[in-house]
Amino acid sequence: MPSTTLTDMQEWLSQQEVKVHGNYINGEWKESTSGNTFSICNSAQRDQVLGFFQDSNEEDVNEAVEAAAEAFQGWSQVPGPDRGAVLYRFADLLEENATELAYILSAEQGKALTEAKGEVMRAAKEARFGAGEAFRIEGNTLPGERSNVWSSTIRKPLGVVAAIAPWNFPVVTPVRKIAPALAYGCTVVYKPASVTPWTSVVLMELLAKAGVPNGVVNLVVGSGSRVGNPLVKHPLVKGISFTGSSSLGKNINEIAAGRLAKTQLELGGKNPAVVLDYKDAENVAKQIVSAAFACSGQRCTSISRVIVTKENKAELTEALVKEMKNAKVGPAWEEGVTVGPLINEQHLDSVREYLEIASAEGARVVYGGETLSEGAYGQGAYIVPALLDQVTPEMRVAKEEIFGPVLVVLEVEDKEEALRVANNVEYGLAASIFTNDLTTAYQFADRVETGMVHVNHGTASAAHMPFGGVKQSGAGAFSIGKSNVEFFTELKSVYFQY
């Protein structure tokens, strides 16, 4: 294993053979029947090719789904504790290989190395929680209507599950889907994002090493149109767990509904931080900035709106700028970097377009927003995190998901207006409130239209708590926590007369 020093990442990458990676189907690495591959490059060093991956097609999808359907017959009969034991081994392997995985994750996705390492360790935590759930697949015994009848409910595994993950968290998101699927007795066909498939190759290797039988987890790499669509439409796929944009999620839901397949959708967000009162403006700013710019703002739970009362706006804005100046933009391996490059140039163009739209609508850039392209910055899609003021609730930057390092400040008169503005978007994923008043905090938690609420801290979730949203931010059972049982299993009622 490589050492954990930052400078070793470049050295480690330079020593890796640039390989052609196959799909993983029924326990074997296979080339796509298309005969085509594509390359990915280092997000912070465009001229460094990281590997070649399969440009798969519907034939590959069919082979993987059929393998998963066959494997389901055996895996679903394995006792829950034995399935859990495999997942415990997998969690251990994630930790043992955390440095290598972090190097690969940072290279293909761009996030700071310390953040990448944290993602791997979080994935291990979630895998362990999933392992424990394999021991706790509970049913109920209910009083019978007749004295000689026992009435019970039991949970049965759903079947073959399609897991479709985004590029921003290429380790924890697939683990978040695969671990509970295996715990509850399902089998999986996994499609990663085409821009971040290398980490998925390593995950397959570790799952196999942990003892996952052939066909139980399968990997098919390729585009959404040639892999994602046939996967969602396949009649043997009983459920689709998808994380990504709201527009794609709705399309998947429409297709799945046509054949009554279950869906678990984690979609977009436009998450507010409502700031009403506080003891320390700098501490509040630290919480907000951390939640806003982790993963360079490219995460669904990023805080993107600060809703603050008029009397506190000036002080809080000053504190936000002060905290944002502490951020260091650069490549993942550089000492002290907290904000890496965006995933690619196309996404940078989208973020810059939003800044132009904001300016045209009357918003003012208080800090940041500059594109960095000189010297080493020319090898990646870098932008300084931006803070916008003079923003009104109806502006596009206040309503639409930018998915980048842009934070807007909205001024309100009181807590009632703050709540209205917080709810004045189509999304409902997460929200934070900062207040010293307990009653206000409880009222906000009760009335804000989000799936998750955070009081006096940023939008950081936990490895055992249900994760999900409402409105355009999600549909189906929440993930991570106990709520997963609602997606990965089906309920069966049993009547026993004696």
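The values are calculated or read from the model by the stated rules, or taken from the named source; none is laboratory data. Predicted, not measured: the structure shown is a model, and the values here were computed from it. Every residue, glycine among them, receives a Cβ derived from its backbone with ideal geometry; neighbour counts consider all protein chains shown.
Data table
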item	result
Meets criteria (outside the structural domain of Arg299 (by TED's automatic domain parsing), in a strand (DSSP E or B), closer than 30 Å to Thr338 by Cα and aromatic (Phe, Trp, Tyr)) for Phe90	no
Some residue of the range 458-472 being among the β-branched types (Val, Ile, Thr), modelled with pLDDT of 95 or more, surrounded by 20 or more Cβ atoms within 10 Å (Cβ to Cβ) and in contact with a Gly (Cβ under 8 Å, 6 or more places away or on another chain)	no
Verdict on Arg305 being in the same structural domain as Arg420 (by TED's automatic domain parsing), at pLDDT 95 or above and of a type in the set (Lys, Arg)	yes
Residues of the range 137-180 that turn out to be of a type in the set (D, E, K, R) and free of Cβ contacts under 8 Å to residues at least 12 places away in the same chain, as a count	1
Cβ pairs under 9 Å, 6+ apart, first in the range 418-433 and over 27 Å from Lys279 (Cβ atoms), second among the β-branched types (Val, Ile, Thr) and assigned to a strand (DSSP E or B)	Tyr427/Val470; Gly428/Val470; Leu429/Val470
Residues within the range 262-294 that are in a helix (DSSP H, G or I) and free of Cβ contacts under 8 Å to residues at least 24 places away in the same chain, tallied	1
Some residue of the range 114-133 being closer than 30 Å to Asn62 by Cβ and among the β-branched types (Val, Ile, Thr)	no
The listed residue being under 23 Å from the mean Cα position of the chain (by Cα), of a type outside the set (Gly, Ala, Ser) and either part of a strand (DSSP E or B) or modelled with pLDDT of 95 or more (or both), out of Arg299, Arg259	Arg299
Single condition Val65 does not satisfy, out of (1) among the aliphatic types (A, V, I, L, M); (2) under 30 Å from Ser296 (Cβ atoms); (3) surrounded by 15 or more Cβ atoms within 10 Å (Cβ to Cβ)	(2)
Per-region count, the range 146-171, residues out of contact with any strand residue (DSSP E or B) (no Cβ under 8 Å at 6 or more places or on another chain) and exposed (fewer than 14 other Cβ atoms within 10 Å of the Cβ)	1
Qualifying positions in the range 63-122 - in contact with a helix residue (DSSP H, G or I) (Cβ under 9 Å, 6 or more places away or on another chain) and either among the aromatic types (Phe, Trp, Tyr) or at positive phi (or both)	Trp75, Tyr88, Phe90, Tyr103, Gly110
One residue from Glu126, Glu108 being part of a helix (DSSP H, G or I) and either in contact with a Ser or Thr (Cβ under 7 Å, 6 or more places away or on another chain) or outside the structural domain of Lys209 (by TED's automatic domain parsing) (or both)	Glu108
Residue identified as surrounded by 15 or more Cβ atoms within 10 Å (Cβ to Cβ) and more than 20 Å from Ala294 (Cα to Cα) among Val406, Val425	Val425
